[in-house]
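Trainee: Quick one: the structure is below, questions incoming.
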Amino acid sequence: MQKDIFTRIKIIFVKLRDTYFTGVERIFRYCKRLEAKLDDLENALKNLEHSNYALKVHLNNEIQKLKIDSSLLHLEEKFKPTQNFNPELFILFDYAHHIHRNYHNLGDFVQSLAVKRILESLDYNHFEFFDRDSLSFYPSSEGGGFVLCKDGLL
């Protein structure tokens, strides 16, 4: 009879053990599935954040373009050529007063000389040199305008 009780207790313990390990295995598999779903959610969030950042950058670029376009339109309206505009008078920058420690910036001079040579090759001899930093004080004749050659551009 004692043996019978011990056998029954042993069978109960084995069933409990098997049930316990089966439950643990189920919990472990469930945790793995949850971990996989969490990884998927984290990846989706990263993709969303990247898309959001790219959208913000694109929108900021578009806003900057609109601001620049608006500024250019404002400047075009503000500085329309006058009726006395003389397209044959070209102003080239003069850098004679731009000396730093007895050295000249040859790059500045090269730009003006390049434009001068182009004008001379096109038989335009109506150009003047004027100091870049004093351009707002240029004595315009008859209130008319002029063509300013800046950085080799007309």
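Trainee: Near F129, within a Cβ-to-Cβ distance under 9 Å, what is the net charge of the other residues, with Lys and Arg +1 and Asp and Glu -1?
Mentor: With Lys, Arg at +1 and Asp, Glu at -1, the neighbours total -2.
Trainee: How do K32, K116 rank when sorted from fewest to most other Cβ atoms within 10 Å of their own Cβ?
Mentor: Neighbour counts put them in this order, fewest first: K32, K116.
Trainee: Also, quick follow-up: Can you give the extra length, in nm with one decimal, that the chain gains between N47 and E77 once fully stretched, where that is 0.36 nm per residue apart less the Cα-Cα distance?
Mentor: Length gained between N47 and E77: 6.3 nm.
Trainee: Which FRET efficiency value, to the nearest 0.05, is calculated for I9 and L38 with the Förster distance at 41 angstrom and r the Cβ-Cβ distance?
Mentor: 0.45
Trainee: Skipping prolines and chain starts, which residues have an amide H placed within reach, meaning under 5 Å, of the one on F129, given they are 5 or more residues away or on another chain?
Mentor: Excluding prolines and chain starts, which carry no amide H, the hits are L92.
Trainee: So, R0 is 41 Å and r is the distance between the beta-carbons of A114 and E62; what FRET efficiency does that work out to, to 0.05?
Mentor: Taking R0 as 41 Å, the efficiency between A114 and E62 is 0.70.
Computed from the coordinates by the stated procedures, all read-outs in this text should not be read as laboratory data. Values in this document were obtained by computation on a predicted structure and should not be read as measured data. For neighbour counting, all protein chains shown are included, and Cβ atoms are generated from backbone atoms with ideal geometry for every residue, glycine included.
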